[in-house]
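Asker: The structure's right below; bear with me while I get my questions together.
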Amino acid sequence: MYDERVIEKIRGIWKTFDLSLGIPEIDKQHLWLIGILADLEDKLESGTRSELETTFTNALSKTLDYATEHFALEEKLLESIGYTKLGQHRLQHMRFITALRNRVRKSFEGDFENAVLDLLKNLKKWLFRHILSEDRQYVDAAMVHVDDKLTDWMQRHLNASIYADEIEKLYQIVLFSGKQEVSVEFKKLGEENLKLISDLWYRYKLKTGIAIVDIQHLWLLQLLVKTDKLYKQRLKQEIDADSLSAQLKEAIYETIEYIREHFNTEESIMHHFHYIGEKNHQKQHERFNILINDMIERSEKEELESLAILIQDLKDWLVSHIAIEDKKLFYFFRSRLSEVNEYVRNLNKEGRIHIWKDAVAIYKLLVDYEDITEDKKPKSLRRN
């Protein structure tokens, strides 16, 4: 079983991203995957080469076993409840197994550390896309149709696994043990904040595929979430009004300054690489600056009701802008992502941009994975 540090990380992921579907037999298998992921990531950061090879081999075996067992159980469940998208769901399962096996065979031919990183990315893809998106679609139907007979069958299926005891033990420790600590990264960033950020990120599919842009977008969402929470505290008069007003103003200015830095980063990249939509994109940034100036004025006057509307407008504009306009950047730059990353590293060295450690931590938790069917992948900024 995993050590306490890994358990805390597993618990943080489970709680922060609200991964429970409310079907214990499915949740146990999902939690088992998270355990494989968290343990492998921990070993990658602290283990020796020989330990890493052993961990990788074990993780690979467990991952393939998990996929086979879990898919069989899930597909039987969906068939039993008459799920209309079963064919599509089953096809995704088949593609995942095929792509994972192909990826692993290719990975062994090259650098071993990259092989482990690839496996981590594959698992994260499954965790954050399939569970949070595809699996949630069948929950309502399952809750209506699952009866005692089907529940008993699923439990027997779980009991037949060679990992049954470990899966059950991990489930009990993470969900029901007296100690419910989470790792430092989750405490520092805030479980509730991460949950709000991840909800926006996945609900509106905000990933652009350009590392620095995604890092900055996530940090902007974090700043807006923090500012919105401070406003609500100020409105409810939960703490000293003068102190909270000062914190709120500070949060607003921090958000505004980072928005400007983000715009400068995007515009520098667009200009350097001769992006064809540069002028139109800049005009949208200029229009957004009008909202920013309005936000400054209202915060100075402490017009709380108007400020609340403006904070929501900022969030709505940002989400819409990312989901539509910023994704166009990826399609233009996708064949030159390594060049973009190199250019960004130089901007960072020159002090023209700041890549905060906590911003990278959010990116690592939410975004740092690649599609397992892709052969060429840009190196993540955090690995350089």
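Asker: Please give the solvent-accessible surface of residue 338 in Å², to the nearest 10, using a probe radius of 1.4 Å with every protein chain present.
Answerer: 80
Asker: For region 310-361, state which trypsin sites (Lys or Arg not before Pro) are in a DSSP loop and have at most 13 other beta carbons lying within 10 Å of their beta carbon.
Answerer: Answer by residue number: 352.
Asker: While we're here: Suppose the chain between residue 53 and residue 134 were pulled fully straight at 0.36 nm per residue; how much longer would it get relative to their current alpha carbon spacing?
Answerer: Result for the pair: 25.9 nm of gain on full extension.
The values are calculated or read from the model by the stated rules, or taken from the named source; none is laboratory data. The model shown is predicted, which means the values in this text are computed figures rather than measured ones. With ideal geometry, Cβ positions are generated from the backbone for all residues, glycine too; neighbour counts draw on all protein chains shown. Ligands, DNA and RNA are stripped out before the accessible areas are found, and what is left, the full protein with its side chains, is counted by its heavy atoms. Shrake-Rupley method; radii C 1.70, N 1.55, O 1.52, S 1.80 Å.
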